[in-house]
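Reading through the structure tokens given below for one structure.
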């Protein structure tokens, strides 16, 4: 996954959103993707000024929240061709 050799089923770009907007958008996006059986998704956070972006540091915390964690198998920073440190691959669990 980290090498970028994955087929991305869906992506969300959180650039320009406030933290509240991005949090709601990401949670809804994950629920939609999980509900429709998408497995590998990309969340684009951007790197922020000097690599210290607010969303870049907040998104991993949001992914570890209980409501999201029960849908997620794992996540990691994306390969450079998909945004590198400014994006995350998220692998969703299979629905039972």
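General observations
- Normalised per residue, the volume of the convex hull around the Cα set of the chain (Å³): 84
- Relative contact order [Cα under 8 Å, 6+ residues apart], the chain, whole percent: 36
No lab work stands behind these numbers, since they all come straight from the coordinates. The structure presented is a predicted model; accordingly, all values stated were derived computationally and were not measured.
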